[in-house]
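First the structure, in the form of structure tokens, and then the observations on it.
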Amino acid sequence: MTPAKTSYDVVIVGGGHNGLVAAAYLGRAGLSVLLLERLDHTGGAAVSVSPFAGLPARLSRYSYLVSLMPESLMADLDLDVTLASRTTASYTPWIRDGRHGGLLVERPEGDATRASFAELTGGDTEYDAWREFYADVTDLAHAVAPTLTRPLPHERELRDAVDPGIWRDVVTHPLGRAIEARFADDTVRGVVGTDALIGTFASLHDPSLIQNRCFLYHLIGNGTGEWRVPVGGMGAVTDALARSATSAGAEIVTGAGVSSIRTSPDGAEVSWHDGMTTRSVTARRVLSGVAPWVLKILLGEDEDPGSKPAGAQLKINFLLDRLPQLRSGADPAVAFAGTLHLGEDHSQLERAYAEAAAGSVPTTMPGEVYCHSLTDPSILGDLAGTGAQTLTYFGLHTPAALFETDPEGAKRLAVERAIASLDEHLVEPIESCLMRDGNGDPCIEAKVPQDVERDLAMPGGHIFHGDLDWPWAPNRSRMDTAAQQWGVQTDDDVVLLCGSGARRGGAVSGLGGHNAAQAVLADLG
């Protein structure tokens, strides 16, 4: 598509979900908007694909669940999207003294959850501590969540609104300290800690507190922290956003790899290559949905390899002809319906971090498994009702550095160890349940950070575009401009962040796009 004009109010670089959110809001406000996307489709990491030849199942290959997207944003943009609750919150297989069992957390929690804790720990003390901790976290979430779509509050405003104890445990001190103080059981400690490590390579005791910030983002979505399955796959979310943007008058050009952004006091010129020629338009404001590290290059700054983000995740997608049976005897339709934790005892998480930090693929791979098709069979297409299911594995403590020297060998080893962490809890190996694609190959696909960077141009394969920030402003920070007030500023007043690199970015939330759009509207009227 060729742009209809040579000048726009706003040009958006990057057509991921945040760029689409910004385009929809700005178009509805009557501004002229051009969105440029490098790939031949919009949606970025939040798309649905059919990765296995000849089979109809559509998987959310990279992004997989939705929690942080505000319900108010979905209503504002008239998104025709259904988010379905999972019937199980989590299930954690365990082995104690040669006996197989599993820690079940229902949604909502009930008698089976209490009984499951008692079977693992020998009493009710740990479950009571669990309920008390998450009640405190819920209070923090209720304070933070409403602020995510408003101008940034200062830290003191939120600190004064919650109990000092939970602020200390989540915000002031390394999370590992609170986990070890509040819980005694190694498995329970690990289940709590995993929310701090999704896409974040850190010890639970890291003094930088990047693990704390990751934990907070995973627990505050809409004040509940519930992670839900988008019916129809993640592509249903971004397809609805694209419809909302175009119906609001925004223009979308795909196959447009932006090569430069040249700013002036009055605006900017954005240039891109469409595969044949270089094209340019001007804009009063530019919104960047790409990572801040990439944006600096587009603005003409020298590439700084030392500041490049680095991701830390292993993604494995499976298509099965049936769910495997578990050694614990738990119903697979219950155990796999939520988040199934593997190798994520507290001690295992810390040992895996130490091994990876020393340059080795973790001996026991920590990771989590999701079976979206149990909640949303529609993603299976014609395979629905045949027993077939999808599985997605998300591995922790697999930093990009592990795959630099021997990419294929390290990737193969990581996959083997991930599968081994699952197989030790199964009656039959997971490979025996794999479907075969149209070419006769087993339906398994693995992605490491380098694959994410190659496919999505996320530097270092970092799914958050860099370390997450606290979703509030430091107490002494300047808040002079609309961009600063919304947490989307750059060093150039003409260019704003609208992606995961914004202060309240990260995950499939749309917050970066929403907040950048509000800053533009406040600035341009």
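The values are calculated or read from the model by the stated rules, or taken from the named source; none is laboratory data. Not measured: the values here are computed from a predicted model. Don't worry about glycine lacking a Cβ; one is built from the backbone with ideal geometry, like all the others, and counts go over all protein chains shown. The accessibility values were calculated without ligands, DNA or RNA, using every heavy atom of the protein model including side chains. Shrake-Rupley method; radii C 1.70, N 1.55, O 1.52, S 1.80 Å.
Specify the residue that is nearest to Gly225 (Cα to Cα); the eligible residues are those in the range 120-137 that are surrounded by 15 or more Cβ atoms within 10 Å (Cβ to Cβ) and among the acidic types (Asp, Glu).
Asp136
Only one residue in Leu83, Leu55, Leu59 is modelled with pLDDT under 95, among the hydrophobic types (A, V, I, L, M, F, W, C) and farther than 19 Å from Leu287 by Cβ, so which one is that? It would help to see each step written out before you state the result.
Working: Leu83 fails: modelled with pLDDT under 95; Leu55 fails: modelled with pLDDT under 95.
Only one candidate passes the filter, namely Leu59.
Just give me the residues in the range 193-202 being in a loop (DSSP other than H, G, I, E, B) and either free of Cβ contacts under 8 Å to residues at least 24 places away in the same chain or open to solvent by less than 20 Å² (accessible area, probe 1.4 Å) (or both), in sequence order.
As a first pass, look at the range 193-202 and keep what is in a loop (DSSP other than H, G, I, E, B): 197-202.
Selection gives Leu197, Ile198, Gly199, Thr200, Ala202.
Would the range 161-172 turn up any residue that is open to solvent by 40 Å² or more (accessible area, probe 1.4 Å) and touching a residue at least 60 places away in the same chain (Cβ under 8 Å)?
Initially, the range 161-172 is screened for residues open to solvent by 40 Å² or more (accessible area, probe 1.4 Å), giving 161, 163-164, 168, 172.
Now restrict to residues that are touching a residue at least 60 places away in the same chain (Cβ under 8 Å): none.
No, the conditions are met nowhere in the range 161-172.
Can you report the number of residues in the range 84-107 which are among the acidic types (Asp, Glu) and over 26 Å from the mean Cα position of the chain (by Cα)? Lay out the reasoning, then the answer.
Going residue by residue through the range 84-107, those that are among the acidic types (Asp, Glu) are 97, 106.
Retained after the next criterion (residues that are over 26 Å from the mean Cα position of the chain (by Cα)): 97.
The number of residues fulfilling the criteria is 1.
Among the residues of the range 17-27, are any in a loop (DSSP other than H, G, I, E, B) and farther than 20 Å from Thr224 by Cα? Working first, answer last.
The first filter runs over the range 17-27 and keeps only residues in a loop (DSSP other than H, G, I, E, B), leaving none.
No, the conditions are met nowhere in the range 17-27.
Looking at Leu103, Leu140, Leu152 in this structure, which one is buried (at least 16 other Cβ atoms within 10 Å of the Cβ), in contact with a strand residue (DSSP E or B) (Cβ under 8 Å, 6 or more places away or on another chain) and under 23 Å from Ser509 (Cα atoms)?
Exactly one of Leu103, Leu140, Leu152 is buried (at least 16 other Cβ atoms within 10 Å of the Cβ), in contact with a strand residue (DSSP E or B) (Cβ under 8 Å, 6 or more places away or on another chain) and under 23 Å from Ser509 (Cα atoms), namely Leu152.
Can we say Ile220 is under 14 Å from the mean Cα position of the chain (by Cα) and β-branched (Val, Ile, Thr)? I'd like the intermediate steps shown before the answer.
Numbers: under 14 Å from the mean Cα position of the chain (by Cα): yes; β-branched (Val, Ile, Thr): yes.
So Ile220 fits the description; yes.
Mind checking which residues of the range 224-271 are polar (S, T, N, Q), under 18 Å from the mean Cα position of the chain (by Cα) and not in a loop (DSSP other than H, G, I, E, B)?
Thr238
Just give me the residues in the range 113-171 being more than 20 Å from Asn222 (Cα to Cα) and among the aliphatic types (A, V, I, L, M), in sequence order.
Of everything in the range 113-171, those that are more than 20 Å from Asn222 (Cα to Cα) and among the aliphatic types (A, V, I, L, M) turn out to be Ala115, Ala118, Leu120, Ala129.
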